[in-house]
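Note sheet for the following structure.
Readers should treat all values here as calculations from the given coordinates under stated rules, not as data from a laboratory. Keep in mind the model is a prediction, meaning the values are calculated, not measured. A quick note on method: Cβ atoms are made from the backbone with ideal geometry, for glycine too, and the neighbour counts reach across all protein chains shown.
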């Protein structure tokens, strides 16, 4: 995936990065979105804010779909989980509502900025739970995280093309 225009974010195109474990791929997504949120906080023009929000929404939408289709089902089965994955899926539902509140909308002042700020804080909370709880537990299973990562990269590439 590539970020828009002239920002400082790095190209995170997935087609070149095979044989990464699934949690490393997801952590890279988390880092990219965190960078985009930070750039939003520093953005002065409405045009730049809209570009960043469009990119944030795209990245989060693709990330969530890949987790829900590939990563979460595998982790749920491997862990015999009845808490972490269902909670993450519920959090994704709320995140989708937050995305819908800003996606494609023109920045119109304080309320728009507040919605993006709340989305940023919500994502940080979700990321913390995944990285501190779910990912370590997943690594402790017999899941082949590299194979899972390859499946995720293929799906991310498909979704990025569909999103364009």
statement: So the angle from the long Cα axis of helix 110-129 to the longest Cα principal axis of the chain, reported in degrees to the nearest 10, equals 20 degrees
statement: Expected max-MSF residue from 30, 125, 63 in the GNM of the chain (alpha carbon, under 10 Å) is 125
statement: Shape call for the range 94-157, from the Cα gyration tensor axes a ≥ b ≥ c (a/c under 1.5 means rounded, otherwise prolate when a/b beats b/c, else oblate), comes out oblate
field: Calculated SAXS-style log₁₀ I(q)/I(0) at q = 0.14, 0.18, 0.20 Å⁻¹ - the range 22-163, Debye, Cα scatterers
entry: -0.65, -1.01, -1.20
- request: With springs only between Cα atoms under 10 Å apart, run a GNM on the chain and tell me which of 90, 53, 75 wobbles the most.
  value: 90
message: Based only on other Cβ atoms within 10 Å, what is the fewest-to-most ordering of 35, 141?
response: 141, 35
query: Using Cα atoms only, what is the angle between the long axis of helix 84-102 and the major principal axis of the chain, expressed in degrees (0 to 90) to the nearest 10?
result: 20 degrees
field: Estimated [θ] at 222 nm from DSSP helical runs (n ≥ 4, -39500 (n - 2.57)) normalised by residues in the chain, nearest 500
entry: -23000 deg cm²/dmol
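Sort 152, 111 by Cβ crowding within 10 Å, fewest neighbours at the top.
Working: 152 25, 111 11.
Exposure proxy ranking, most exposed first: 111, 152.
Give me 89, 70 ranked fewest to most by other Cβ atoms within 10 Å of their Cβ, as a rough exposure proxy. Before the final figure, lay out the partial values.
Details: 89 14, 70 19.
Ascending number of Cβ neighbours within 10 Å: 89, 70.
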task: Calculate how steeply helix 145-163 sits against the longest principal axis of the alpha-carbon atoms of the chain, using the helix alpha-carbon long axis, and give the answer as 0 to 90 degrees to the nearest 10.
output: 30 degrees
message: Below 8 Å between Cα atoms, with a sequence gap of 6+, how large is the relative contact order for the chain in percent?
response: 40 percent
query: Which residue, 142, 115, 105, has the most motion in a Gaussian network model of the chain that connects Cα atoms within less than 10 Å?
result: 142
